[in-house]
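Worksheet: the structure to be examined is printed underneath.
Rule-based calculations on the coordinates, nothing more; no lab input. Here the structure is a predicted model, which is why all the values come from computation and not from measurement. Note that we place each Cβ from the backbone using ideal geometry, even for glycine, and neighbour counts take in every protein chain shown.
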Amino acid sequence: MIELRDVWFSYTKDKNVLKGINLKINNNVTIIMGPNGAGKTTLLKIISCLYKPDKGEVLIDGLNFWKANSKDKLSLRRKLVYVHENPVLFKGTVVSNVMYPLLIRGYSRENAKKEALELLNRMGIDHIAFRQRDELSAGEAQLVAFARAIISGAKYIILDEPISSLDLEHRKRLEFNLKDLVREGRKIIIATHDRLFAFKLKARVIEIDQGQLSREFSSEELITELDNIIFS
């Protein structure tokens, strides 16, 4: 479980972006929603332990990350992977990007490449395996970054607007792979504006507004709201 206790964060001294966030994340899929500028991306980076809160605690499976020793921090970081809406890929091919997390964990290049190619095949994007980073579309880059996150073995996969650049076919592939990860017991945390995407994943939905958690939805409540929007 990831737990945030009274978390505050600001980029400048005179404006808090997050204000007293208390949140427990232990669902299969948790969706963070809210208007632009509400603090969604900042919240994801706090959850990912990329940003240190000005005040409050971030607990990963019961350990306070920012008070942990170096060894424990490394162990906790390996449980977390964050994928930005506009991900940064390393120079080189798609397969070299995807196999990288395995190489730093001691896999041989041969075994890392084999596993990376198998994953790309399961995701339906093996046809781009040997393309260079600069030859990818924005949507393809998102999927490659997602594949790199999956292969890392992280328990918590944290995605910022993962379908923003995907066409319908690749969006369906992403949904399918996310459901597979849930069946494996991994936890998915996603920031998105897309209510239908959240509903399809049967997610717990948390809304943030002006740096504060404002309300929480169930999947049933979410589809009711969608009906009201569509048929009003």
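Overview of values
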{"quantity": "Residue among Glu140, Glu184, Glu207 with the largest mean-square fluctuation in a Gaussian network model of the chain, springs linking Cα atoms under 10 Å", "calculated": "Glu184"}
{"quantity": "Thr12, Thr42, Thr30 arranged by Cβ crowding within 10 Å, fewest neighbours leading", "calculated": "Thr12, Thr42, Thr30"}
{"quantity": "Where only alpha carbons of segment 138-177 are counted, the Rg and the Dmax (Å)", "calculated": "9.8, 27"}
{"quantity": "At 1.002 mPa s and 20 °C, Stokes D of segment 57-187 from Kirkwood alpha-carbon radius, µm² per second", "calculated": "139"}
{"quantity": "Under the Karplus curve 6.51 cos²θ - 1.76 cosθ + 1.60, θ = phi - 60°, whole-Hz ³J(HN,Hα) for segment 119-133, x wherever Gly or Pro sits", "calculated": "5, 4, 5, 4, 7, x, 10, 5, 5, 9, 4, 10, 6, 7, 3"}
{"quantity": "Whole-Å distance, taken between Cα centres, linking segment 15-57 and segment 123-142", "calculated": "30"}
{"quantity": "Karplus (6.51, -1.76, 1.60) ³J(HN,Hα), θ = phi - 60°, over segment 180-191, in Hz, Gly and Pro reported as x", "calculated": "4, 5, 4, 5, 6, x, 8, 9, 10, 10, 10, 9"}
{"quantity": "For the chain, size of Cβ-based charge dipole, Lys and Arg +1, Asp and Glu -1, in debye", "calculated": "1000"}
{"quantity": "Cα shape, segment 1-68, gyration tensor, a/c 1.5 rule", "calculated": "oblate"}
{"quantity": "5 angstrom amide H check on Ile208, placed H, neighbours 5+ away", "calculated": "Met33, Gly34, Ser214"}
{"quantity": "Calculated from backbone phi, Karplus (6.51, -1.76, 1.60) coupling profile of segment 109-117 in Hz, x at Gly/Pro", "calculated": "4, 4, 5, 5, 5, 4, 5, 4, 5"}
{"quantity": "Convex hull projection area averaged over all views, segment 95-148, Cα basis, nm²", "calculated": "3.4"}
{"quantity": "For segment 51-117, convex hull of alpha carbons as volume per residue, Å³", "calculated": "132"}
{"quantity": "Cross-link partners of Lys52 among lysines (Cα-Cα below 20 Å; sequence separation of 8 or more within a chain)", "calculated": "Lys13, Lys15, Lys19, Lys24, Lys40, Lys67, Lys71, Lys73, Lys79"}
{"quantity": "Test item: Cα-centred dipole of segment 80-179, Lys/Arg +1 and Asp/Glu -1 on Cβ, debye", "calculated": "400"}
